[in-house]
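Inspection log for the structure reproduced underneath, given as structure tokens.
The values are calculated or read from the model by the stated rules, or taken from the named source; none is laboratory data. These figures come from a predicted structure and were not determined experimentally. Cβ: placed from backbone, ideal geometry, glycine included. Neighbour counts: every protein chain shown. For the accessible areas, the whole protein counts, side chains as well, though only heavy atoms, and no ligand, DNA or RNA atoms are used. Shrake-Rupley method; radii C 1.70, N 1.55, O 1.52, S 1.80 Å.
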Amino acid sequence: MTALTYLDLSSNLLSQAIPQSFGRITGLTYLDLSSNQLSQAIPNSFGCMTALTFLDLSSNQLHGEFPNSLQNLSNLKVVDFSFNNLTGSLPDFTLLSSLTELVVKFNQLDGYLPTVFEKHSALQKLDLSNNHLKGSLPDFTGLSSLESLDLQKNEFFGNLPNFTGLSFLRDLHLSNNEFSGSLPDFTGCSSLEVLYLDKNKFTEWGEQSTGSLSSLTDLDLSMNSIESTITETHLSNLSSLKHLSASYNSLTFEFSFEWLLPFQIDSLYLSSCKLGPKFPNWIRNQHSISSLDISHSQISDTIPIWFWNISTEMVRLNLSSNEIRGNFSYVPHEIVLIDLSSNYFDGPLPPIPADCREINLSKNKFSGTLFFLGIVEDRGFTGGTFGSFGPVFLDISHNQLFGALPDCWMLLPSLGFLNLGYNNFSGRIPTSIGNLGSLQTLILRKNKLYGKLPASLRNCRSLGFADFGFNKLSGEVPSWIGEDLPQLYALILKANRFYGSLPIEICHLSNLHFLDLSMNRISGTVPTCFGNFTAMIRKGKEVVEHIYYSEDPSFNRPTEYRYTYFDDVLATWKGQEYEYGRNFAYLKMIDLSTNNLTGEILIGITRLLELKGLNLSGNRFYGEVPVEIGELKVLESLDLSTNKFSGEIPSSMSGLNFLAFLNLSSNNFSGKIPSGTQLQGFNTSTYDGNTELCGKPLTNICPVDEPIDNIGPSSSEYEVDEDSSEYKWWLCIGGVLGFSTSFWGIIGTLVLNQRWRHAYYLSLYKLKERFYVAIAVHIGKLQRKV
């Protein structure tokens, strides 16, 4: 088969191992087996195909190490082993001097890079990304023809080597490693267009490192530890720059007021850099910015007039977490993400374009009504309708908005997150909110809403987090919550006017790990099935982080804009009210406090082994606390105060080693507080109002613990004379003589009299036989019953 020179079997669903017989095709120059399901190792016989110039084995399931025979393929120019499970170190390709492209990305390689790359002067592309390679980088200056170097997502560390002399290098990807120190001098890389050094540990950005890269279009230094002051010198010669990302460093930008960027930027990400206190004047000449993120940048200013002229093509705008004040009256028509949260913006809500996907205007001072959600009218949406998709994320919480909620929610079918909390909205919850079939999070906390929960909400079957707390809502807790909302993991009805009994259907919520029905008028008994909340039984945290991804087409590489939010809840925890965000994942809690509930504590609740907080205070519960409560080993907060509990405090509670807050006050507990540092280490106020309790930490001493001197008549009633000591001495002698006489009388008789001794042992034997027969009969009866 030496005549065959070209063989392409790519994308043919080939499986199993590559046959060793391939080595017989010695005249083959081109072999493509990519995009199949080939497995096992690369055959050693490949080393016999010495005429091979092109080899592509990518996108298979190959594993094992590289065969040494590959060194024989001295004519190879292009090699692609990417997207497999190859292991071991990268082989020494010293003899492959004709190699121009080597791609081994997305494998399981480890070890160090060989130092012989400097001898591959013909190599143009080297891609070893997404492996586990480690160590410091070798000197690449010998790769004089290198155009693209991609080592991202490995475990390399140390300072970067000198890249001087790589005049043809266009793309350099070193992100997601552990490189440190100062950025190297790239002066000799005159052709460099793309430089990605993000997600490392660099500490300094010198003026000379990138200052002469006039061909550079993409620069990403984000998520490092760079502490530098950026001046005009850093950026003045970057005349081709289109995309700059330096977010999440400790950079301070100091430019003169008149200075302007010498390039037209498409995307600018400078989050967490110091740009303020004035709004950055040096971007006023930009007219094509599509993405701008200057959040957390210490700006304390108003929006300048010129800003409205540069933002006409804006797609993403993030000004959050500054101190920007004034009105925000215009939103670019092409915007898909706008985040103005945590500022001091006031006035009416800005008009939102119909195609905007992510809207965060929270924690400002916006006022007025929520009329048609502020939708723009100059694009023909006079009826108040969003585009074919509409927003997936809408947060206008923590403002000064008022009035009734609009009844047009059917126009937002893609909405997954809605937070209208901490405003002054009033009226009823509109029924159209039940048209949000994609809704996962609904927060209406701290408004003035009243009336019943609309039954249309049962259509929101994806709803996982529902917070209606601190309103004036009323009616019975609907049974459809348990019947039709199977994904619900957090339900908050706190501080409303709900009444009636709890529906048994609520027990169907197996994913529920946070239930707060406190401060209502709920009566009756707790359903016996409360032990069915399996999310409070399984270990580990619950998922409360939500991530939306959207691509940023402005970058040359595929870039996703990640928008993350965490569920947050206002919970009474350990006697205090806290707002939980990221830590809410660990909060598994039931709060039924301040209602009119009655009955005894259910054994079912004690089966919720991962429960961390239980608050039953301010109700009419009675009876004894079940001893099984000691099974809640991870319980941290327990409040049973202001009820009618009685009996003793279970001793099993002394084993609740994580219990940090306990309130048993205003009940009818009695007896001794169980011993152990856990229960006796609490303040006395924990047990206030239980007059029959005694023992530490209370001052009431239990009767069994009274000092012996206080029991019986005083010592003055027993006056003894001087002969009392002599009397005690004779009494001791008499006791010893009596015991000795009785002991040796019995033992001596058994030793000396053989007939008595045999009779005694026989009686013991018969007693043993009787006992054995009784046990055997009893076991037999039990077995017959079974």
Could you list, in sequence order, all residues of the stretch 12-35 that are open to solvent by 70 Å² or more (accessible area, probe 1.4 Å) and either free of Cβ contacts under 8 Å to residues at least 24 places away in the same chain or farther than 22 Å from LYS77 by Cα (or both)? ASN12, LEU13, GLN16, GLN20
Quickly run through the stretch 294-341 and pick out the residues that are of a type in the set (Val, Ile, Thr) and either part of a loop (DSSP other than H, G, I, E, B) or touching a Ser or Thr at 6+ places or on another chain (Cβ under 7 Å) (or both). ILE294, ILE299, ILE303, ILE305, THR312, VAL315, ILE324, VAL331, ILE335, VAL336
Go through (1) assigned to a loop (DSSP other than H, G, I, E, B); (2) out of contact with any helix residue (DSSP H, G or I) (no Cβ under 9 Å at 6 or more places or on another chain); (3) free of Cβ contacts under 8 Å to residues at least 40 places away in the same chain; (4) surrounded by 18 or more Cβ atoms within 10 Å (Cβ to Cβ) one by one and return the number of the condition THR164 breaks. (4)
Does the stretch 208-218 include one or more residues that are closer than 21 Å to SER236 by Cβ, of a type in the set (Asp, Glu) and open to solvent by 20 Å² or more (accessible area, probe 1.4 Å)? no
Tally up the residues in the stretch 36-63 that are open to solvent by 20 Å² or more (accessible area, probe 1.4 Å) and within 39 Å of the chain's Cα centre (by Cα), please. 7
Could you tell me whether any residue of the stretch 570-581 is touching a helix residue (DSSP H, G or I) at 6+ places or on another chain (Cβ under 6 Å), at negative phi and modelled with pLDDT of 80 or more? no
Is it true that some residue in the stretch 250-263 is polar (S, T, N, Q) and in contact (Cβ under 8 Å) with a residue 40 or more places away in the chain? no
Suppose we filter ASN85, ASN130 for residues that are at pLDDT 95 or above, at positive phi and open to solvent by 10 Å² or more (accessible area, probe 1.4 Å); which single one remains? ASN130
What single numbered condition from (1) within 34 Å of the chain's Cα centre (by Cα); (2) part of a loop (DSSP other than H, G, I, E, B) fails to hold for SER228? (2)
Number of positions in the stretch 198-213 that are in a loop (DSSP other than H, G, I, E, B) and either at positive phi or aromatic (Phe, Trp, Tyr) (or both): 2
So LEU614 fits all but one of (1) in contact with a strand residue (DSSP E or B) (Cβ under 9 Å, 6 or more places away or on another chain); (2) over 22 Å from THR572 (Cα atoms); what number is the exception? (2)
Across the stretch 514-528, which residue is least open to solvent (accessible area, probe 1.4 Å) among those that are part of a strand (DSSP E or B) and of a type in the set (Gly, Ala, Ser)? GLY524
Scanning the stretch 665-682 for residues that are in a strand (DSSP E or B) and open to solvent by 30 Å² or more (accessible area, probe 1.4 Å) gives ASN668, SER670, LYS672
Between a residue in the stretch 508-522 that is of a type in the set (Phe, Trp, Tyr) and any residue that is buried (at least 20 other Cβ atoms within 10 Å of the Cβ) and in a loop (DSSP other than H, G, I, E, B), which pairs come within a Cβ distance under 8 Å, given they are 6 or more apart or on different chains? PHE514/TYR489; PHE514/LEU587; PHE514/LYS588
Could you tell me which numbered condition ILE265 fails, if it satisfies all but one of (1) open to solvent by less than 10 Å² (accessible area, probe 1.4 Å); (2) among the β-branched types (Val, Ile, Thr); (3) within 34 Å of the chain's Cα centre (by Cα)? (3)
When the stretch 453-484 is examined, which residues are found to be in a helix (DSSP H, G or I), open to solvent by 50 Å² or more (accessible area, probe 1.4 Å) and of a type in the set (Asp, Glu)? GLU483
Within the stretch 484-511, can you find the residues that are within 14 Å of ALA466 (Cβ to Cβ) and touching a helix residue (DSSP H, G or I) at 6+ places or on another chain (Cβ under 6 Å)? ASP484, ILE506, LEU509, ASN511
Kindly evaluate LEU442 against the criterion of being aliphatic (A, V, I, L, M), open to solvent by less than 20 Å² (accessible area, probe 1.4 Å), within 26 Å of PHE371 (Cβ to Cβ) and part of a strand (DSSP E or B). yes
Here are the criteria: (1) outside any loop (DSSP other than H, G, I, E, B); (2) in contact with a Phe, Trp or Tyr (Cβ under 7 Å, 6 or more places away or on another chain). Tell me which single one LEU38 does not satisfy. (2)
Qualifying positions in the stretch 279-293 - open to solvent by less than 40 Å² (accessible area, probe 1.4 Å) and in a loop (DSSP other than H, G, I, E, B): PHE279, PRO280, ASN285, GLN286, SER288, ILE289, SER290
Only one of LEU195, LEU216 that is out of contact with any Pro (no Cβ under 7 Å at 6 or more places or on another chain), under 23 Å from GLU147 (Cα atoms) and not in a strand (DSSP E or B): LEU216
